[in-house]
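Worksheet for the structure shown next.
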Amino acid sequence: MTVPEISVHDLAALGDAARVVDVREPHEWDDAHLAHAELVPLGTVPDRLDAFDGGTTYVICRSGARSGRACEFLAAQGREAVNVAGGMIAWVAAGFDTVGAAPGSSDAGVRG
């Protein structure tokens with residue numbers, strides 16, 4: 001199954017109106033996340049399908065691997081989910097804003 005993807009640049013261009021779900025763990029979320037994202041850790045996705053109802057949802061994680069798995073699962077459930085290629089690593093590297101980053105941290109939210 002091919003998972004649709006979007007670049008961080010294209011996602012940023014969509015602005016705050018884009019529905020973004022972050023499937024990382026809470027400690028990763030606390031380090032840094034997109035201001036308008038919702039946290040739904042990967043392990044809880046099957047129980048939180050309602051978070052993916054109502055149109056396209058852009059799914060992000062650290063590097064794109066977990067979000068890709070989430071998108072595969074969501075597609076099988078009839079949800080429209082698009083993987084954010086490169087995840088938070090690419091988002092931070094592109095210089096886009098995050099919430100929760102520790103001062104002076106250049107890789108907030110993207111550690112192991």
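The values are calculated or read from the model by the stated rules, or taken from the named source; none is laboratory data. Computed from a predicted model, the values in this text were never measured in an experiment. Ideal geometry is used to build each Cβ from the backbone, glycine not excepted, and the neighbour counts take in all protein chains shown. Accessible surface is based on the protein model in full, side chains and every heavy atom, while ligands, DNA and RNA are left aside. Shrake-Rupley method; radii C 1.70, N 1.55, O 1.52, S 1.80 Å.
From the list Val45, Val20, Val92, the lone residue that is crowded, with 20+ Cβ neighbours inside 10 Å, out of contact with any Cys (no Cβ under 8 Å at 6 or more places or on another chain), aliphatic (A, V, I, L, M) and in contact (Cβ under 8 Å) with a residue 60 or more places away in the chain is Val92.
State yes or no: is Gly87 among the small types (Gly, Ala, Ser), in contact with a Lys or Arg (Cβ under 7 Å, 6 or more places away or on another chain) and surrounded by 14 or more Cβ atoms within 10 Å (Cβ to Cβ)?
yes
Among the candidates Asp22, Asp47, Asp53, Asp16, the residue that is more than 15 Å from Ile89 (Cα to Cα) and in contact with a His (Cβ under 7 Å, 6 or more places away or on another chain) is uniquely Asp16.
Find the residue count for region 30-42, including only residues that are open to solvent by 40 Å² or more (accessible area, probe 1.4 Å) and in contact with a Pro (Cβ under 9 Å, 6 or more places away or on another chain). Walk me through it before giving the result.
Looking only at region 30-42, we keep the residues that are open to solvent by 40 Å² or more (accessible area, probe 1.4 Å), and these are 30-31, 35-36, 38-39, 42.
If we keep only those that are in contact with a Pro (Cβ under 9 Å, 6 or more places away or on another chain) too, we end up with 39.
Result for region 30-42: 1.
Would a scan of region 74-86 turn up a residue that is in a loop (DSSP other than H, G, I, E, B) and within 11 Å of the chain's Cα centre (by Cα)? Talk me through it step by step, then tell me what you get.
Residues of region 74-86 that are in a loop (DSSP other than H, G, I, E, B), as a first pass: 77-80, 85-86.
Applying the additional criterion that residues be within 11 Å of the chain's Cα centre (by Cα) yields 85-86.
Checked against the condition, which is being in a loop (DSSP other than H, G, I, E, B) and within 11 Å of the chain's Cα centre (by Cα), region 74-86 yields at least one hit.
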